[in-house]
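A quick write-up on the structure given underneath.
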Amino acid sequence: MKRTLPLVIVFCSGILLIIQHFIPSEESEFLYTYALDWIITVGVYAIMLGIWSLIRVTVNKARRDPGERFYAITTLAGFSFMVLTGWRAESLHAGSIFMTAFNYILIPIQATIFSLLAFYVASASYRAFRARSALATVLLLTAFIVMLRLIPLGPISKANNWLVGWILMVPNLAASRAIILGVGLGMIATSMKIILGIERKYLGGD
Amino acid sequence: MTTSELLLNGLAAFLTLCIFSFLYKDNPFYKFAERLVAGVSAGYWTMLLYHTSFHDKVIVPIFQQGYWWYIIPTILGIMMWTRFSKKWAWLSRISLAFYMGIATGTSIPVVMYAAIYKQLEGSMNQITTDATGINTLLMTIGLICAVSYFYFSKEHDGWFGGMSRVGIYTLMIGFGAGFGLTVMGRIALLIERIIFLRDYLLVLFGG
Amino acid sequence: MAFYDNMIDIDRRWIYLVLALAVMIPAIIPFTVPVAVTPEVNDIFQFVDTLEAGDYMFLGIDYDPSSMAELHPMCRAIMAHCFSKDINLIMCSLSQNGQGMAEQIIDEISARYNKKSGEDYCFLGYKPYFALVILTMGLNFRVTYPNDVYGVSLDEMPVMDGIRNYNDCAGVIGFESGNIADAWIAYANGRYDTPVALGVTGVMAANYYPYLQTGQLFGLMPGMKGAAEYETLFKQRLERLPEKDPSEDERMVARESMAYQTTSHIVILFFIIISNIGFFLSRKHEKKII
């Protein structure tokens, strides 16, 4: 019952939703609407579970590791500040303390963390882009041509822009499409395995 | 810029520099900013979920509109929390099963259409003798060869090996183009921060 | 150690320093670079430009601060373009930090054009599980969003009067930094046949050209260059207008950033060339020894 019931639910709900796609009717649309709406509601609790886990891990870290205590307290302080200032419905409006913290703490830190990648990508280009083999040369030349597009070189730029357009719409399209087809088939196969109960890892252990 | 805006932008500039300090080496300023954003981000998401989802999907329908049937997804959601109990953890599987069933059931037909059917349809264009026709031919050859590279049920030798060889070259051109665009994307992130710091300094020193 | 060995073994911190200096050049000595417009961006511009006042567009503002550098300028330009033509907007955010990003732009552009929430636009806000939200909005916006982000019922809004789902909008333009982009294509276009265009980050851009060729996307804005192209087209339009538009004197951030892109790309290409020259010289030397 503990394992069979979830598998039966997955099978029935999955098959029903597939059938609904091909047989649109008022009844099936009603079912579809509620299924989608309800599942979003269920999902809200799952996300809360994730947030709760983050808090638990941080508190445990603060308790066990004195070296990490200050940083764990920083995380908890940031969390508590947002929860306290975001309690009222008006907090989501521009100008509130909650949104001010979002604009002046969250945005600059997150944006800067990702901007570090600019330095890493420059370093990686220098180290990895070497014409060691024919394949590596093709990779290097294509990237070089695409990057050259951003440097104004007079008449050369016009020809280069055309070439980049051609690369993106012909060989890149073929490569990307091959990957899309592979990923698409993989997704369908995995979904079918889940519906048919062959793939059960998501249920966890006993 | 008002004094409070100046101070807030000063805070943002300080946090920006804290993160940039990581380029030299890991240090307490970086760690502080990194952990702060983890807490602020989790707090932001919690309250956002409360206001936009929990309030709209649980409190309003059940308590204000009297739609009692919304208790069903609420119970299923609460069942997710039984994961913390060894004895009752199996109940969370029921909620998870509904989610997996609905998510996979809705995705199969649309993925089949958008990622398989439409993509194959787009690869079966008429081959003409003009530039478009030549490009179509090249794209189709590239696609077939690239797909053959991913086919591992036949050994990659002889004519099939040749095909998969053309396929890997096609893929390399795709990856090269992707990398070129990635560089632009990553540099853009740095530019935004540099412009922010420059504008702040200009305001601060009246430039 | 021979000089070519040095060429292939420069300390990473020197590369960081040179890149940082290169990015700072246009900040100290500003200059502009020409922006060539590509057909995929022009298609989005023409789509919006041919809409009439009172038409509806749907914008998905689904990105986090980590990609705001590329997507903020394009979102800002398209929203300004729509409002300057009195096109009504319905907007949502399907990534958790997207709502804050959207708030920033809506606040700025709606004030610039004196547009009111509920009358000229409706901001639905964030809901989790993007694929399911995109699907339910195709049935009726009210299923997932009974109220807008400010708690006002959609049924009480003049702008939402008679507006049910994507069919009532000319199309969807999504600003995407992750796999929500695929969901717009598969669910909004695939399931409901809604015209969809995307503004994506540079990292993602190359993967979306197949959808452009099949017509699943009517346009594509790749990264900061895509944003700069749209800004260029928008600026050209503003210059043609007989009356002054509120956006005319506004800063075009992506166009401004292209100068920074130029200097930093010169540095990266320079390092790639140096590294390859060093690599060939050292290989030649190794062959001689053998």
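Counting Lys and Arg as +1 and Asp and Glu as -1, what is the net charge of the other residues whose Cβ lies under 13 Å from the Cβ of A:ALA77? For residues surrounding A:ALA77, the net value is +2. With a cut-off of 12 Å between beta carbons, the residues surrounding A:ALA124 carry a summed charge of +4, where Lys and Arg count +1 and Asp and Glu -1. Residue order for B:LEU202, A:LEU203, B:LEU11, fewest other beta carbons within 10 angstrom first, comes to B:LEU202, B:LEU11, A:LEU203. Quick check: the angle from helix C:12-28's long axis to the longest principal axis of chain C, C-alpha only, nearest 10 degrees? Once rounded, one gets 60 degrees. Based on DSSP H segments of at least four residues, each scored -39500 (n - 2.57), chain B has a per-residue ellipticity at 222 nm of -24000 deg cm²/dmol. Sorted fewest first by neighbouring Cβ atoms within 10 angstrom, C:CYS82, C:CYS169 come out as C:CYS169, C:CYS82.
Charge tally around C:GLY118: other residues with Cβ under 9 Å, Lys/Arg +1 each, Asp/Glu -1 each, net -3. Peptide C:66-77 is shielded by partner chain Cβ atoms: per residue, an average of 4 of them sit within 10 Å of its Cβ.
Sequence-distant contacts, meaning Cα pairs under 8 Å at least 6 residues apart, place the relative contact order of region B:142-207 at 28 percent. Roughly what angle does helix C:130-139 make with the longest principal axis of chain C, taking Cα atoms, 0 to 90 degrees, to the nearest 10? It is inclined by approximately 30 degrees. Given H placed 1.01 Å from N in the peptide plane, which residues other than close sequence neighbours of C:ASP55 have an amide H under 5 Å from its amide H? Amide H neighbours of C:ASP55, under 5 Å, 5+ apart: C:ASN88.
Peptide B:117-129 has a mean of 4 when you count, residue by residue, the C-beta atoms of other protein chains within 10 Å of its C-beta. Taking a ≥ b ≥ c as the square roots of the eigenvalues of the Cα gyration tensor, region A:129-197 is classed as prolate, since a/c reaches at least 1.5 and a/b is larger than b/c. For the peptide A:94-101, the mean number of other protein chain Cβ atoms found within 10 angstrom of a residue's Cβ is 4. Legend: helices of chain A (whole DSSP H runs) are marked when their alpha-carbon atoms reach 27 angstrom or more along the helix axis and their mean Kyte-Doolittle hydropathy is at least -0.5; marked are A:4-22, A:26-64, A:66-85, A:107-128, A:171-195. Taking amide hydrogens as placed 1.01 Å from N in the peptide plane, the amide H of C:ALA197 sits under 5 Å from those of C:VAL172, C:ILE173, C:GLY174, C:PHE218, each at least 5 positions away in sequence or on another chain.
Out of every Cα-Cα pair that the protein assembly as shown contains, those further apart than 36 angstrom amount to 46 percent. Short-range pairs are left out: with C-alpha atoms under 8 Å and at least six residues apart, the relative contact order of chain A is 18 percent. Rank B:PHE29, B:PHE152, B:PHE20 by mean-square fluctuation in a GNM of chain B with C-alpha springs under 10 angstrom and give only the top-ranked residue. Between B:PHE29, B:PHE152, B:PHE20, it is B:PHE152 that shows the largest mean-square fluctuation.
Taking chain C as the reference, fit the longest principal axis to its C-alpha atoms, fit the long axis of helix C:98-113 to the helix C-alpha atoms, and give the angle between the two in degrees, 0 to 90, nearest 10. Result, in degrees: 70. Working note: Karplus 6.51/-1.76/1.60 with θ = phi - 60° gives region C:48-56 the couplings 5, 5, 8, 6, 9, 4, x, 5, 10 Hz, where Gly and Pro are set to x.
Scanning chain B for long hydrophobic helices, with DSSP H runs required to stretch 18 angstrom or more by C-alpha along their axis and to average at least 0.0 on the Kyte-Doolittle scale, returns B:3-20, B:28-49, B:90-111, B:131-149, B:158-204. Relative contact order, whole percent, for chain B stands at 13, derived from Cα pairs under 8 Å and 6 or more residues apart.
Every number in this text was worked out from the coordinates using simple rules, so none of it is lab data. Remember, predicted model here, so these are calculated numbers, not experimental data. Note that we place each Cβ from the backbone using ideal geometry, even for glycine, and neighbour counts take in every protein chain shown.
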